[in-house]
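Colleague: The structure that follows is given in the form of structure tokens.
The values are calculated or read from the model by the stated rules, or taken from the named source; none is laboratory data. Bear in mind the structure is a predicted one, so any value in this text is a computation, not a measurement. No Cβ is skipped: glycine too gets one built from the backbone with ideal geometry, and neighbour counts run over all protein chains shown. Ligands, DNA and RNA are stripped out before the accessible areas are found, and what is left, the full protein with its side chains, is counted by its heavy atoms. Shrake-Rupley method; radii C 1.70, N 1.55, O 1.52, S 1.80 Å.
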Amino acid sequence: MLSRKLAAAVLLSCFTAASSVSAEHIPVETAAANARAAMKADAHSASAQTAMLQTPASTTVITAEEMEDNHYETVAEAISYAPGVTVTPGSFNTGHQVVRIDGDDRVAVFIDGRRQNLDSGLTDGRASYDLDMTPPVMAVDRIEILHGAVGDSFLNYDAPGGVINIITKKGGKHNFKFEGARGPYDASRWETQLEGSGKGWSWIGTGGRSNLGKLRYKSADGGKETMPNSRVNRREMFYRIDRQLTKNSSLNFTYNHFSNDRGLWYSRQNPTDYNYEKMANHLALTYNYKENTDTPGYISLYHYYNQGDTYRPTGTKDQEDLLSYGRWKSHTNGLDWRDAWKISKDHVISAGFTWRRTSIKNDTNYNVAENPPAGTIVPGYPGVTDSNRSFGKNYEKSRSSVTAFVKSTRRFHKFILTGTSAITHTGGFSSHYVSAGSAEYRPDSKTAFYGSLQNIYAVPSLDELYYNNQRIRGNSGLEPEKGWKLSGGIRHQFNKKIFADLSGFMSYTKNPILWNYDGAAWRPENYEGLHQQGLQLSVTDTFSPKYNATLSYTYTNSNTDWGDKDPACTDLVARHQVKAALHYKDSRWSNNILLTSGFGRDSNWYSGNYFVVDVNLGYRFSKHWSSYLKIHNLFNDSYEALGSHTIGDCPAYGRTALFGVVYSYR
């Protein structure tokens, strides 16, 4: 009976993909609280049950309280514990933080409802966002993670893995907060926040920096080693100002700055002597209207500036005295509009428009052909000489994209049917129609069956088309990826303490774009096909007011048809993943044990499975003072962050620790 109901939900989603019927508008963060409350559904957090916006998909919410209790340093760290989510260093550039949902790196990332993905900058598979560039954790109110098809504000036809929406805090009562921490291996961190409100205004400012010494790890053969040139220095700040204009309208301005300087290593065998420096400045102005209604709307104008530098810190002049010999700059301007209309009590129509223009520019790249001497063999690339050490992209291109959609939501007693139709056009490619449909059936207040079907249509990025240096070369003949993703599941509340979510998916992508080493350089190509499938089970149990636990299991299987070529890389997500969290909290203590483990990794690329235990202990001395101790990889497990034909070549961090003190005054 269960399978029949789930099948019925999925079939209905297929039907609604062709017709235009749908669920209520999912607002951006600035929508009124009562509008959100009308759309809440059961969901689970990475650590405990949490309410979330209603959506027919497997969902996770990470709250500000959870992030504070675990003293997460970055958004990347916070989401790495979520079911079905994997965060790894970039495979081409280990300075990036790449996220995968359902084993797919095609993930759409939003901040307060504004899409952050870039058309240039990563060159790591199909990932188009670096999680390093998110706002400081102290400035985040919650993180929403949605698997699979999502319409409306989070239309993700080109990112079938899912959606991450990072919602920032709005300034409230006057508050000052400071956090400082130190640890072994030159680890340090400080963060400060000031917020307030008055006379229709509210503001919040957050900033800080963190440092981590060279990567210490336990190698595959059991030895304790250090990765050369792997030190990390991170700086971040975030400002948000809100002005309430009327009861139902407001203005919101945000500014986010991030910079990161780290040694660049490709592998244990080839750590290199380069540095990678990246910077981001993002500004956005949003006008919200109809806020205290069930159908809020907004108009948002934004500008993103991103920059990356690759250089050698030694062996040449100081970096400050010359142009970097691998600098790229990306400017993205965008305009988003969303609105909704309540046709009847059970029918809502929403619509939206997104315009974006991206421009890529490269400064003159410094050529160190004589340092080292020209003709030197490049480590790891037999037959490739060091005639030009430039890492620049060596192209200047611009292009625009436009997407318009209409979404309809209709409720039929216990059914909610959703359909989204959209037209998208990207410069250099023809216009394309995409659609997504979903259905949710709630036989009672404790159970929900859901399913969805979405189109996949993803055009090549500018980097994939035009990158041009000795080691990375674009392919102007690439075709868009096309395909579909089908997903479904069931959520059930057994009682007031136990909640579970079981979901599954399958997808197919034609002409998947993958990077391959052709003997001279890395080059993206369209391959035959990509098949992905998986399932996920999550259970949350609140034993008592002080104890709760979450356990999740995820199965992911990806099969790429490489045609007549040998695979250039392996699946970076373990086929079987188990994650668990045990929490204790009272008026003084906040203690957490977090487990992440992976099994079934390809023995041709990895030394074995991994089993990592993290411990976070917190104690509040008084109303204003508290302290914490974080230990990552408590048992110093040996495992790899990335797969390599040289087993153990790309290790993950061994045991690290951080002791901190927090002061807060209201």
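Colleague: Looking only at region 234-251, which residues are of a type outside the set (A, V, I, L, M) and surrounded by 15 or more Cβ atoms within 10 Å (Cβ to Cβ)?
Modeller: Those that are of a type outside the set (A, V, I, L, M) and surrounded by 15 or more Cβ atoms within 10 Å (Cβ to Cβ): Arg234, Arg235, Glu236, Phe238, Tyr239, Arg240, Asp242, Gln244, Ser249, Ser250.
Colleague: Identify, please: which residue in region 171-180 is in a loop (DSSP other than H, G, I, E, B) and over 29 Å from Tyr129 (Cα atoms) and is, among those, most open to solvent (accessible area, probe 1.4 Å)?
Modeller: Filtering first and then ranking leaves Lys173.
Colleague: Here is a list: Phe258, Phe253, Phe238. Which entry is aromatic (Phe, Trp, Tyr), within 22 Å of Thr134 (Cβ to Cβ) and either assigned to a loop (DSSP other than H, G, I, E, B) or at pLDDT below 95 (or both)?
Modeller: Working: Phe253 fails: either assigned to a loop (DSSP other than H, G, I, E, B) or at pLDDT below 95 (or both); Phe238 fails: either assigned to a loop (DSSP other than H, G, I, E, B) or at pLDDT below 95 (or both).
Phe258 is the lone residue from the list that is aromatic (Phe, Trp, Tyr), within 22 Å of Thr134 (Cβ to Cβ) and either assigned to a loop (DSSP other than H, G, I, E, B) or at pLDDT below 95 (or both).
Residue by residue, here is whether (1) closer than 22 Å to Leu572 by Cβ; (2) of a type outside the set (D, E, K, R) holds:
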residue: Val107; (1), (2): yes, yes
residue: Asn117; (1), (2): yes, yes
residue: Pro135; (1), (2): no, yes
residue: Ile164; (1), (2): yes, yes
residue: Lys177; (1), (2): no, no
residue: Ala187; (1), (2): no, yes
residue: Gly208; (1), (2): no, yes
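Colleague: Ok, one more. Tell me, please, whether a residue that is touching a Ser or Thr at 6+ places or on another chain (Cβ under 9 Å), farther than 26 Å from Val98 by Cβ and open to solvent by 30 Å² or more (accessible area, probe 1.4 Å) can be found in region 600-610.
Modeller: no
Colleague: Just to be sure before I move on: is Gly483 in contact (Cβ under 8 Å) with a residue 40 or more places away in the chain and either part of a loop (DSSP other than H, G, I, E, B) or touching a helix residue (DSSP H, G or I) at 6+ places or on another chain (Cβ under 7 Å) (or both) in the structure I sent? Steps first, answer last, please.
Modeller: Values: in contact (Cβ under 8 Å) with a residue 40 or more places away in the chain: yes; either part of a loop (DSSP other than H, G, I, E, B) or touching a helix residue (DSSP H, G or I) at 6+ places or on another chain (Cβ under 7 Å) (or both): no.
So Gly483 does not fit the description; no.
Rundown of residues vs (1) modelled with pLDDT of 95 or more; (2) open to solvent by 20 Å² or more (accessible area, probe 1.4 Å); (3) outside any loop (DSSP other than H, G, I, E, B); (4) polar (S, T, N, Q), yes/no style:
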{"site": "Asn616", "(1), (2), (3), (4)": "yes, no, yes, yes"}
{"site": "Lys623", "(1), (2), (3), (4)": "no, yes, no, no"}
{"site": "Ile631", "(1), (2), (3), (4)": "yes, yes, yes, no"}
{"site": "Gly648", "(1), (2), (3), (4)": "no, no, no, no"}
{"site": "Val661", "(1), (2), (3), (4)": "yes, yes, yes, no"}
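Colleague: Only one of these is under 30 Å from Trp625 (Cα atoms) and not aliphatic (A, V, I, L, M): Asn592, Asn604, Asn557. Name it. Step through it out loud before you land on a result.
Modeller: Numbers: Asn604 fails: under 30 Å from Trp625 (Cα atoms); Asn557 fails: under 30 Å from Trp625 (Cα atoms).
Being under 30 Å from Trp625 (Cα atoms) and not aliphatic (A, V, I, L, M) holds for just one of Asn592, Asn604, Asn557, which is Asn592.
Colleague: Given the conditions (1) without any contact (Cβ under 8 Å) to a residue 12 or more places away in the chain; (2) more than 25 Å from Ala500 (Cα to Cα), report the number of the one that Tyr457 does not fulfil.
Modeller: (1)
Colleague: When you look at Thr74, is it modelled with pLDDT of 90 or more, under 12 Å from the mean Cα position of the chain (by Cα) and open to solvent by 10 Å² or more (accessible area, probe 1.4 Å), yes or no?
Modeller: yes
Colleague: Could you grab the pairs with beta carbons closer than 9 Å, sequence gap of 6+ or different chains, first residue in region 271-289 and on the phi > 0 side of the Ramachandran plot and modelled with pLDDT under 95, second one assigned to a strand (DSSP E or B) and of a type in the set (A, V, I, L, M)?
Modeller: Taking only residues 6 or more apart or on different chains, the pairs are Thr272/Leu264.
Colleague: Among the residues of region 131-170, write down those that are more than 26 Å from Glu481 (Cβ to Cβ), open to solvent by 10 Å² or more (accessible area, probe 1.4 Å) and of a type outside the set (Val, Ile, Thr).
Modeller: Met138, Asp141, Arg142, Lys169, Lys170
Colleague: Now for a separate question. Go through region 439-455 residue by residue and tally those that are open to solvent by 10 Å² or more (accessible area, probe 1.4 Å), in contact with a Gly (Cβ under 7 Å, 6 or more places away or on another chain) and of a type in the set (S, T, N, Q).
Modeller: 0
Colleague: Sort out which residues of region 456-503 are within 24 Å of the chain's Cα centre (by Cα) and open to solvent by 50 Å² or more (accessible area, probe 1.4 Å), and write them in order of number.
Modeller: Matches in region 456-503: Lys482, Trp484, Leu502.
Colleague: Does region 511-525 contain at least one residue that is buried (at least 23 other Cβ atoms within 10 Å of the Cβ), among the small types (Gly, Ala, Ser) and farther than 18 Å from Arg126 by Cα?
Modeller: Within region 511-525 (the criterion being buried (at least 23 other Cβ atoms within 10 Å of the Cβ), among the small types (Gly, Ala, Ser) and farther than 18 Å from Arg126 by Cα), the answer is no, since none of the residues qualifies.
Yes or no, residue by residue, for (1) among the small types (Gly, Ala, Ser); (2) open to solvent by 40 Å² or more (accessible area, probe 1.4 Å); (3) at pLDDT below 50:
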{"position": "Leu323", "(1), (2), (3)": "no, yes, no"}
{"position": "Asp336", "(1), (2), (3)": "no, no, no"}
{"position": "Trp341", "(1), (2), (3)": "no, yes, no"}
{"position": "Ser344", "(1), (2), (3)": "yes, yes, no"}
{"position": "Ala351", "(1), (2), (3)": "yes, no, no"}
{"position": "Thr354", "(1), (2), (3)": "no, no, no"}
{"position": "Thr358", "(1), (2), (3)": "no, no, no"}
{"position": "Asn367", "(1), (2), (3)": "no, yes, yes"}
